[in-house]
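Shown next, in C-alpha coordinates, is the structure this report addresses.
The values are calculated or read from the model by the stated rules, or taken from the named source; none is laboratory data. For clarity, every value in this text was computed on a predicted model and none was experimentally measured. Here the Cβ positions follow ideal geometry from the backbone for every residue, glycine too, while neighbour counts run over all protein chains shown.
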Amino acid sequence: MLHQHRFRAMNSDVAFWLWSDSPLAAARLVSAERTFAQVEAELSRFRPDSGLSRLNAAAGGPAQPVSPLLFAVLAAALAAAAQSQGLFDPTILTALRRAGYDRSFELLAAARHDAQPVAAQPATAQGWRHVRLDAAAGAVQLPAGVGIDLGGIGKGWTVDQVAQELAPWGAALIDAGGDIRATAPPGGEPWSIAVQDPFDEGRDLLAFRLASGAVATSSVGRRRWELGGQPMHHLIDPRTGRPAEGDLHTVTALAPTAVEAEIAAKVALLLGRTAARRWLNQHNLSGVLIGRDGQWQIVGDLSRRLNPQGA
(Lines give C-alpha, C1' and ligand atoms only; values in the text may rest on other atoms or scores of the structure.)
Protein backbone atom coordinates (compact mmCIF):
# COMPACT_ATOMS: atom_id res chain seq x y z
CA MET A 1 0.00 0.00 0.00
CA LEU A 2 1.30 3.45 -0.90
CA HIS A 3 1.02 6.08 1.83
CA GLN A 4 1.50 9.78 1.17
CA HIS A 5 2.12 12.87 3.30
CA ARG A 6 2.44 16.49 2.14
CA PHE A 7 3.37 19.71 3.93
CA ARG A 8 5.28 22.95 3.51
CA ALA A 9 8.81 23.46 4.86
CA MET A 10 12.03 25.29 3.93
CA ASN A 11 9.97 27.49 1.57
CA SER A 12 9.25 24.37 -0.51
CA ASP A 13 6.44 21.91 -1.08
CA VAL A 14 7.48 18.63 0.54
CA ALA A 15 6.00 15.19 -0.11
CA PHE A 16 6.75 11.73 1.29
CA TRP A 17 5.63 8.44 -0.22
CA LEU A 18 6.02 5.11 1.59
CA TRP A 19 5.18 1.68 0.17
CA SER A 20 4.40 -0.33 3.29
CA ASP A 21 1.89 -2.70 4.82
CA SER A 22 2.73 -1.60 8.36
CA PRO A 23 -0.20 -0.12 10.31
CA LEU A 24 2.27 2.49 11.58
CA ALA A 25 3.29 3.68 8.11
CA ALA A 26 1.11 6.79 8.04
CA ALA A 27 2.24 7.78 11.53
CA ARG A 28 5.88 7.38 10.51
CA LEU A 29 5.39 9.82 7.66
CA VAL A 30 3.89 12.41 10.00
CA SER A 31 6.72 11.86 12.45
CA ALA A 32 9.33 12.35 9.72
CA GLU A 33 7.93 15.84 9.10
CA ARG A 34 9.43 16.86 12.44
CA THR A 35 12.92 16.29 11.03
CA PHE A 36 12.31 19.07 8.51
CA ALA A 37 11.07 21.39 11.25
CA GLN A 38 14.10 20.67 13.44
CA VAL A 39 16.63 21.21 10.67
CA GLU A 40 14.95 24.39 9.46
CA ALA A 41 14.91 25.79 13.00
CA GLU A 42 18.66 25.20 13.31
CA LEU A 43 19.91 26.09 9.81
CA SER A 44 17.69 28.98 8.71
CA ARG A 45 19.62 32.20 8.14
CA PHE A 46 16.33 34.10 8.42
CA ARG A 47 15.64 33.08 12.02
CA PRO A 48 17.69 35.17 14.46
CA ASP A 49 17.54 32.43 17.09
CA SER A 50 18.80 29.62 14.83
CA GLY A 51 22.16 28.03 15.46
CA LEU A 52 23.38 29.24 12.07
CA SER A 53 22.36 32.84 12.75
CA ARG A 54 24.15 32.79 16.09
CA LEU A 55 27.26 31.39 14.43
CA ASN A 56 27.19 34.04 11.70
CA ALA A 57 26.80 36.77 14.33
CA ALA A 58 29.99 35.50 16.03
CA ALA A 59 32.17 35.83 12.90
CA GLY A 60 35.56 37.29 13.75
CA GLY A 61 35.41 36.07 17.32
CA PRO A 62 36.55 32.90 19.07
CA ALA A 63 35.31 29.45 18.10
CA GLN A 64 31.65 28.90 18.95
CA PRO A 65 30.10 25.62 20.12
CA VAL A 66 27.41 24.48 17.71
CA SER A 67 24.89 21.67 17.59
CA PRO A 68 25.91 18.30 16.10
CA LEU A 69 23.38 18.94 13.33
CA LEU A 70 24.90 22.28 12.31
CA PHE A 71 28.43 20.90 12.60
CA ALA A 72 27.59 17.92 10.35
CA VAL A 73 25.95 19.98 7.59
CA LEU A 74 28.67 22.63 7.65
CA ALA A 75 31.38 19.95 7.50
CA ALA A 76 29.66 18.42 4.46
CA ALA A 77 29.42 21.85 2.81
CA LEU A 78 33.10 22.62 3.38
CA ALA A 79 34.09 19.20 2.02
CA ALA A 80 32.04 19.96 -1.10
CA ALA A 81 33.75 23.34 -1.43
CA ALA A 82 37.15 21.66 -1.35
CA GLN A 83 36.10 18.98 -3.85
CA SER A 84 34.71 21.57 -6.28
CA GLN A 85 37.59 24.01 -5.78
CA GLY A 86 35.20 26.57 -4.37
CA LEU A 87 32.47 26.46 -7.03
CA PHE A 88 30.18 25.12 -4.35
CA ASP A 89 30.74 27.70 -1.61
CA PRO A 90 28.74 27.92 1.63
CA THR A 91 30.39 31.28 2.48
CA ILE A 92 28.35 33.34 0.00
CA LEU A 93 26.04 34.96 2.54
CA THR A 94 27.44 38.46 2.01
CA ALA A 95 27.03 38.13 -1.76
CA LEU A 96 23.44 36.91 -1.36
CA ARG A 97 22.60 39.89 0.82
CA ARG A 98 24.34 42.29 -1.56
CA ALA A 99 22.21 40.88 -4.38
CA GLY A 100 19.08 41.66 -2.34
CA TYR A 101 18.32 38.20 -0.94
CA ASP A 102 18.32 39.47 2.64
CA ARG A 103 15.01 38.02 3.81
CA SER A 104 12.90 34.93 3.29
CA PHE A 105 11.97 34.69 -0.37
CA GLU A 106 8.22 35.15 0.07
CA LEU A 107 8.97 38.57 1.60
CA LEU A 108 11.14 39.80 -1.27
CA ALA A 109 8.14 40.89 -3.35
CA ALA A 110 7.32 43.48 -0.70
CA ALA A 111 10.92 44.65 -0.34
CA ARG A 112 12.37 47.85 -1.80
CA HIS A 113 14.11 47.29 -5.12
CA ASP A 114 15.60 50.73 -5.71
CA ALA A 115 19.08 49.88 -4.45
CA GLN A 116 22.03 50.09 -6.81
CA PRO A 117 22.86 46.96 -8.83
CA VAL A 118 25.63 44.84 -7.38
CA ALA A 119 29.05 45.12 -8.98
CA ALA A 120 31.07 42.08 -9.96
CA GLN A 121 33.24 41.17 -7.01
CA PRO A 122 34.52 37.79 -5.78
CA ALA A 123 32.03 36.68 -3.16
CA THR A 124 34.27 35.65 -0.30
CA ALA A 125 37.86 35.41 -1.54
CA GLN A 126 37.46 31.68 -0.85
CA GLY A 127 36.36 32.31 2.70
CA TRP A 128 35.46 28.64 3.03
CA ARG A 129 39.18 27.86 3.27
CA HIS A 130 39.44 29.87 6.48
CA VAL A 131 36.51 28.36 8.40
CA ARG A 132 37.90 26.31 11.29
CA LEU A 133 36.15 23.18 12.56
CA ASP A 134 37.02 21.63 15.92
CA ALA A 135 35.40 18.21 15.92
CA ALA A 136 36.54 17.35 19.45
CA ALA A 137 34.93 20.48 20.89
CA GLY A 138 32.03 20.58 18.43
CA ALA A 139 32.95 24.19 17.69
CA VAL A 140 33.33 26.42 14.62
CA GLN A 141 35.33 29.60 14.10
CA LEU A 142 34.38 32.00 11.31
CA PRO A 143 36.78 34.71 10.17
CA ALA A 144 35.58 38.32 10.20
CA GLY A 145 33.40 39.16 7.22
CA VAL A 146 32.49 35.56 6.43
CA GLY A 147 28.88 34.40 6.63
CA ILE A 148 27.44 30.94 6.02
CA ASP A 149 24.38 29.99 3.96
CA LEU A 150 23.33 26.32 4.04
CA GLY A 151 20.00 26.56 2.26
CA GLY A 152 20.48 24.12 -0.62
CA ILE A 153 22.73 21.57 1.02
CA GLY A 154 20.70 21.76 4.22
CA LYS A 155 17.57 20.71 2.35
CA GLY A 156 19.41 17.88 0.63
CA TRP A 157 20.86 16.74 3.94
CA THR A 158 17.37 16.67 5.47
CA VAL A 159 16.01 14.64 2.56
CA ASP A 160 18.78 12.10 3.14
CA GLN A 161 18.04 11.96 6.87
CA VAL A 162 14.34 11.33 6.30
CA ALA A 163 15.19 8.64 3.75
CA GLN A 164 17.20 6.85 6.43
CA GLU A 165 14.32 7.18 8.89
CA LEU A 166 11.75 5.73 6.50
CA ALA A 167 13.84 3.04 4.81
CA PRO A 168 13.25 0.38 7.51
CA TRP A 169 9.47 0.71 6.97
CA GLY A 170 9.42 0.14 3.21
CA ALA A 171 10.30 1.71 -0.12
CA ALA A 172 10.25 5.47 0.34
CA LEU A 173 10.47 8.53 -1.89
CA ILE A 174 11.10 12.00 -0.48
CA ASP A 175 10.66 15.13 -2.60
CA ALA A 176 11.47 18.56 -1.13
CA GLY A 177 11.05 21.13 -3.85
CA GLY A 178 12.87 18.96 -6.40
CA ASP A 179 15.45 17.48 -4.04
CA ILE A 180 14.49 13.82 -4.32
CA ARG A 181 15.72 10.63 -2.67
CA ALA A 182 14.46 7.10 -3.28
CA THR A 183 15.35 4.24 -0.94
CA ALA A 184 14.05 1.26 -2.93
CA PRO A 185 11.58 0.48 -5.75
CA PRO A 186 7.96 0.23 -4.54
CA GLY A 187 6.55 -3.22 -5.22
CA GLY A 188 9.66 -3.98 -7.25
CA GLU A 189 8.96 -1.24 -9.83
CA PRO A 190 11.20 1.84 -9.92
CA TRP A 191 9.76 5.29 -9.25
CA SER A 192 9.11 7.46 -12.31
CA ILE A 193 10.78 10.88 -12.11
CA ALA A 194 9.91 13.64 -14.58
CA VAL A 195 12.20 16.45 -15.73
CA GLN A 196 10.06 19.53 -16.29
CA ASP A 197 10.58 21.94 -19.14
CA PRO A 198 11.65 25.12 -17.28
CA PHE A 199 10.24 27.26 -20.09
CA ASP A 200 6.86 25.50 -20.10
CA GLU A 201 5.80 24.22 -16.68
CA GLY A 202 2.96 22.23 -18.22
CA ARG A 203 5.38 20.06 -20.20
CA ASP A 204 7.90 17.41 -19.20
CA LEU A 205 11.05 17.00 -21.30
CA LEU A 206 11.47 13.40 -20.24
CA ALA A 207 10.99 10.96 -17.39
CA PHE A 208 13.26 8.23 -16.11
CA ARG A 209 13.12 5.31 -13.70
CA LEU A 210 14.76 5.66 -10.30
CA ALA A 211 15.02 2.53 -8.16
CA SER A 212 17.22 4.20 -5.53
CA GLY A 213 19.45 7.24 -5.27
CA ALA A 214 18.81 10.93 -5.55
CA VAL A 215 17.95 13.76 -7.93
CA ALA A 216 18.37 17.52 -7.52
CA THR A 217 17.75 20.49 -9.78
CA SER A 218 19.40 23.92 -9.86
CA SER A 219 17.93 26.69 -11.98
CA VAL A 220 18.39 30.39 -12.60
CA GLY A 221 14.66 30.53 -13.30
CA ARG A 222 13.69 30.03 -9.67
CA ARG A 223 13.69 32.59 -6.88
CA ARG A 224 14.02 35.68 -9.00
CA TRP A 225 13.60 39.36 -8.09
CA GLU A 226 14.82 42.76 -9.25
CA LEU A 227 17.41 45.07 -7.73
CA GLY A 228 18.08 48.50 -9.17
CA GLY A 229 16.20 47.51 -12.31
CA GLN A 230 18.33 44.40 -12.85
CA PRO A 231 16.97 40.84 -12.64
CA MET A 232 18.53 38.78 -9.86
CA HIS A 233 18.40 35.15 -8.79
CA HIS A 234 19.71 33.14 -5.85
CA LEU A 235 22.47 31.10 -7.53
CA ILE A 236 25.61 33.09 -6.77
CA ASP A 237 28.78 32.44 -8.74
CA PRO A 238 31.59 32.64 -6.13
CA ARG A 239 34.01 33.72 -8.85
CA THR A 240 32.14 37.00 -9.38
CA GLY A 241 29.94 37.44 -6.32
CA ARG A 242 26.96 37.93 -8.65
CA PRO A 243 24.07 35.73 -9.75
CA ALA A 244 25.34 33.21 -12.31
CA GLU A 245 25.35 34.41 -15.91
CA GLY A 246 26.48 31.29 -17.80
CA ASP A 247 24.81 29.55 -20.72
CA LEU A 248 22.88 27.02 -18.62
CA HIS A 249 19.40 27.73 -17.31
CA THR A 250 18.65 24.51 -15.42
CA VAL A 251 20.57 21.39 -14.43
CA THR A 252 19.09 18.18 -13.06
CA ALA A 253 21.70 15.84 -11.58
CA LEU A 254 21.51 12.23 -10.37
CA ALA A 255 23.75 10.98 -7.55
CA PRO A 256 23.70 8.42 -4.73
CA THR A 257 22.51 10.96 -2.12
CA ALA A 258 20.52 14.19 -2.18
CA VAL A 259 23.51 16.11 -0.82
CA GLU A 260 25.70 14.86 -3.67
CA ALA A 261 22.99 15.58 -6.24
CA GLU A 262 22.47 19.09 -4.86
CA ILE A 263 26.20 19.83 -5.09
CA ALA A 264 26.50 18.33 -8.59
CA ALA A 265 23.56 20.30 -9.98
CA LYS A 266 24.87 23.63 -8.70
CA VAL A 267 28.48 23.03 -9.76
CA ALA A 268 27.41 21.92 -13.23
CA LEU A 269 25.20 24.96 -13.70
CA LEU A 270 28.02 27.32 -12.73
CA LEU A 271 30.50 25.58 -15.02
CA GLY A 272 28.43 26.03 -18.16
CA ARG A 273 27.40 23.54 -20.80
CA THR A 274 30.75 22.26 -22.09
CA ALA A 275 32.62 22.09 -18.77
CA ALA A 276 29.56 20.70 -16.97
CA ARG A 277 29.36 17.75 -19.32
CA ARG A 278 33.02 17.02 -18.76
CA TRP A 279 32.75 17.44 -14.96
CA LEU A 280 29.74 15.12 -14.66
CA ASN A 281 31.44 12.45 -16.76
CA GLN A 282 34.64 12.72 -14.70
CA HIS A 283 32.62 12.13 -11.51
CA ASN A 284 30.58 9.28 -13.03
CA LEU A 285 27.34 11.24 -12.60
CA SER A 286 24.32 11.62 -14.84
CA GLY A 287 22.17 14.62 -15.54
CA VAL A 288 20.17 16.80 -17.88
CA LEU A 289 21.61 20.16 -18.99
CA ILE A 290 19.12 22.76 -20.22
CA GLY A 291 20.55 25.89 -21.80
CA ARG A 292 19.22 29.43 -21.70
CA ASP A 293 18.56 28.91 -25.40
CA GLY A 294 16.16 26.06 -24.61
CA GLN A 295 18.43 23.35 -25.99
CA TRP A 296 18.93 20.37 -23.70
CA GLN A 297 21.08 17.26 -23.54
CA ILE A 298 21.47 14.16 -21.43
CA VAL A 299 24.81 13.43 -19.81
CA GLY A 300 25.62 9.92 -18.61
CA ASP A 301 23.31 6.93 -18.42
CA LEU A 302 19.64 7.79 -18.58
CA SER A 303 18.96 4.88 -20.94
CA ARG A 304 16.05 3.77 -18.76
CA ARG A 305 14.19 7.04 -19.27
CA LEU A 306 10.51 6.84 -20.10
CA ASN A 307 8.65 8.61 -22.88
CA PRO A 308 11.46 10.93 -23.99
CA GLN A 309 10.27 13.89 -26.04
CA GLY A 310 12.49 15.52 -28.61
CA ALA A 311 15.57 13.45 -27.73
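A few comments on the model shown:
- A95 vs. criteria small (G, A, S), in a helix (DSSP H, G or I), closer than 21 Å to P238 by Cβ and modelled with pLDDT under 95: yes
- Hits in segment 32-56 - residues which are under 30 Å from A211 (Cβ atoms) and free of Cβ contacts under 8 Å to residues at least 24 places away in the same chain: R34
- Candidates A77, A59, A27, filtered to the one that is under 20 Å from Q164 (Cα atoms), in contact (Cβ under 8 Å) with a residue 60 or more places away in the chain, of a type in the set (A, V, I, L, M) and not in a strand (DSSP E or B): A77
Results for (1) surrounded by 22 or more Cβ atoms within 10 Å (Cβ to Cβ); (2) out of contact with any His (no Cβ under 7 Å at 6 or more places or on another chain); (3) at pLDDT 95 or above, shown as yes or no for each residue.
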residue	(1), (2), (3)
A120	no, yes, no
T124	yes, yes, no
G154	yes, yes, yes
V159	yes, yes, yes
A172	yes, yes, yes
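- Within segment 156-196, the set of residues being touching a residue at least 40 places away in the same chain (Cβ under 8 Å) and of a type in the set (D, E, K, R) comprises D160, E165, D175, D179, R181.
- Flag for S84 being free of Cβ contacts under 8 Å to residues at least 24 places away in the same chain, over 27 Å from A15 (Cβ atoms) and crowded, with 16+ Cβ neighbours inside 10 Å: no
- Answer residue from segment 9-24, given it is outside any strand (DSSP E or B) and crowded, with 16+ Cβ neighbours inside 10 Å and is modelled with the lowest pLDDT among those: M10
Residue-wise test of (1) crowded, with 24+ Cβ neighbours inside 10 Å; (2) touching a Pro at 6+ places or on another chain (Cβ under 7 Å); (3) at pLDDT below 95.
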site: A244; (1), (2), (3): no, no, yes
site: A253; (1), (2), (3): yes, no, no
site: E260; (1), (2), (3): no, no, no
site: A264; (1), (2), (3): yes, no, no
site: L269; (1), (2), (3): yes, no, no
site: R273; (1), (2), (3): no, no, no
site: L280; (1), (2), (3): yes, no, no
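- The set of residues in segment 139-188 being farther than 13 Å from V39 by Cα and part of a helix (DSSP H, G or I) consists of A163, Q164, E165, L166, A167, P168, W169, P186, G187, G188.
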